[in-house]
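S.K.: Take a look at the following structure, please.
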Amino acid sequence: MSAMHFAPGATLLITALLGLRVIAQSATPAAPGSDTAAPLVSHENIRVERDVEFAAVDGKHLLMDVYIPTGADPASAALPCVMYIHGGAWRSGDKSHPMAYPLATHGYVVASINYRTSAEAVFPAQIYDCKAAIRFLRANAKKYSIDTGLLGVWGDSSGGHLAALVGTSGDVKDLEGAEGDHLDQSSRVQAACVYYPPVDFIAILTQKSNIKRGIFPTAPEAALLGGPTLEKKELAIKASPLTYVTKDDPPFLIVHGSKDAQVPVEQSLALKAALGKAGVETTFQMIDGAPHAFNGEQQATAFPFTLDFFDKHLKSK
């Protein structure tokens, strides 16, 4: 791989990803024996509210962490907000280490969410949870200094799938769910950033990857759908962001690694093509030599144009 030149803010991202931790102002220390990790925070000018409950479903508390620039004044200023959705094949992962964290050092409120895994519920539970989180943020905008008209979403891998679905299905009644207490709020976003997202569970069956799919019940998509993809074809189509693309979708940034062996780049290209055909402003960026899950340097390479994307669509309004 050729040498990489890091733009301002990239060093912060690498430091955070390597695990430099400081205590967030509002963080509560984990109890002895707790498996709750300390918050990953690397800048003294960020206030963090951890484990904020945005909905409860069947006894499960759905939580988010909210990162707020300490200079934010709820009484006089409203900031753009980006909600981050973690990856993990829909079956693992956690909100604690959001890739979007550095945005908080550039004047954004960042909300990193957890959602029900495929072991806990099949689709569409996951998108219901994401929509509930967006509605919660809008309903609590004053508390967190959020401009309700400047809300974006960012996700990677399976989180990228959910972020893409948020982007293309804003206010689609069939994917809203009834989770949370703020059903009067809109689930639409004004910008969507997706890293290496699976978006077509049927096409991916015949695309080259190192993930066992098809009839395998342990395949990530099979676990999400509750059975092998072709046996759940109708639900697979319902779960595809491509199903809902319309001309009024928000601008998209799509990022993919050229050596991704898990989610074929054809998945991102299909999303790009569908959005472009509908007339949606779309930017595609390939990270040369990058595998599926970007390392710190690859994330640092992608961060400057990701920041530019959000600045363009959430700060220039």
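The values are calculated or read from the model by the stated rules, or taken from the named source; none is laboratory data. None of these values were measured; they are calculated from a predicted model. Cβ placement follows ideal geometry from the backbone for every residue including glycine, while neighbour counts extend to all protein chains displayed.
S.K.: In this structure, does residue 110 turn out to be without any contact (Cβ under 8 Å) to a residue 60 or more places away in the chain, of a type in the set (A, V, I, L, M) and either under 30 Å from residue 262 (Cα atoms) or in contact with a helix residue (DSSP H, G or I) (Cβ under 7 Å, 6 or more places away or on another chain) (or both)?
M.R.: For residue 110, the condition - without any contact (Cβ under 8 Å) to a residue 60 or more places away in the chain, of a type in the set (A, V, I, L, M) and either under 30 Å from residue 262 (Cα atoms) or in contact with a helix residue (DSSP H, G or I) (Cβ under 7 Å, 6 or more places away or on another chain) (or both) - is met.
S.K.: OK, next. In the stretch 39-84, which residue that is of a type in the set (A, V, I, L, M, F, W, C), surrounded by 16 or more Cβ atoms within 10 Å (Cβ to Cβ) and modelled with pLDDT under 70 is farthest from the chain's Cα centre (by Cα)?
M.R.: 72
S.K.: Considering the stretch 204-223 alone, what residues qualify as being touching a Ser or Thr at 6+ places or on another chain (Cβ under 9 Å) and either crowded, with 17+ Cβ neighbours inside 10 Å or outside any loop (DSSP other than H, G, I, E, B) (or both)?
M.R.: Selection gives 204, 205, 213, 219, 220, 221, 222, 223.
S.K.: Please go through the stretch 88-107 and pick out each residue that is more than 21 Å from residue 49 (Cβ to Cβ) and without any contact (Cβ under 8 Å) to a residue 60 or more places away in the chain.
M.R.: The one that is more than 21 Å from residue 49 (Cβ to Cβ) and without any contact (Cβ under 8 Å) to a residue 60 or more places away in the chain: 92.
S.K.: State whether one or more residues within the stretch 132-151 are more than 18 Å from residue 235 (Cβ to Cβ), crowded, with 24+ Cβ neighbours inside 10 Å, of a type outside the set (A, V, I, L, M, F, W, C) and within 18 Å of the chain's Cα centre (by Cα).
M.R.: Looking through the stretch 132-151, none of the residues is more than 18 Å from residue 235 (Cβ to Cβ), crowded, with 24+ Cβ neighbours inside 10 Å, of a type outside the set (A, V, I, L, M, F, W, C) and within 18 Å of the chain's Cα centre (by Cα).
S.K.: Report, by residue number, each residue of the stretch 77-97 that is within 23 Å of residue 294 (Cα to Cα), in a loop (DSSP other than H, G, I, E, B) and aliphatic (A, V, I, L, M).
M.R.: Within the stretch 77-97, just 89 meets the criteria.
S.K.: Condition (residue is farther than 21 Å from residue 299 by Cβ and surrounded by fewer than 18 Cβ atoms within 10 Å (Cβ to Cβ)) applied to the stretch 92-111: is it met by at least one residue? Give the derivation first.
M.R.: As a first pass, look at the stretch 92-111 and keep what is farther than 21 Å from residue 299 by Cβ: none.
No: zero hits.
S.K.: If you don't mind, another one. Within the stretch 87-126, how many residues turn out to be among the charged types (D, E, K, R) and at positive phi?
M.R.: Of the residues in the stretch 87-126, 0 are among the charged types (D, E, K, R) and at positive phi.
S.K.: Pull up the stretch 260-317, narrow it to residues that are of a type in the set (S, T, N, Q) and outside any helix (DSSP H, G or I), then point me to the one that is surrounded by the fewest Cβ atoms within 10 Å (Cβ to Cβ). Show your work before the answer.
M.R.: Within the stretch 260-317, the subset of a type in the set (S, T, N, Q) is 262, 267-268, 282-283, 285, 295, 298-299, 301, 306, 316.
Next cut, outside any helix (DSSP H, G or I) only: 262, 282-283, 285, 295, 316.
Values: 262: 16, 282: 19, 283: 16, 285: 15, 295: 12, 316: 6.
Once the filter is applied, the top-ranked residue is 316.
S.K.: Same structure again: Which residue is farthest from residue 315 (Cα to Cα), if the candidates are limited to the stretch 98-115 and must be within 14 Å of the chain's Cα centre (by Cα) and part of a loop (DSSP other than H, G, I, E, B)?
M.R.: Per the stated criteria, the residue is 115.
S.K.: Which residues, taken from the stretch 160-179, are out of contact with any Asp or Glu (no Cβ under 8 Å at 6 or more places or on another chain), in a loop (DSSP other than H, G, I, E, B), at pLDDT 95 or above and not polar (S, T, N, Q)?
M.R.: Matches in the stretch 160-179: 176, 178.
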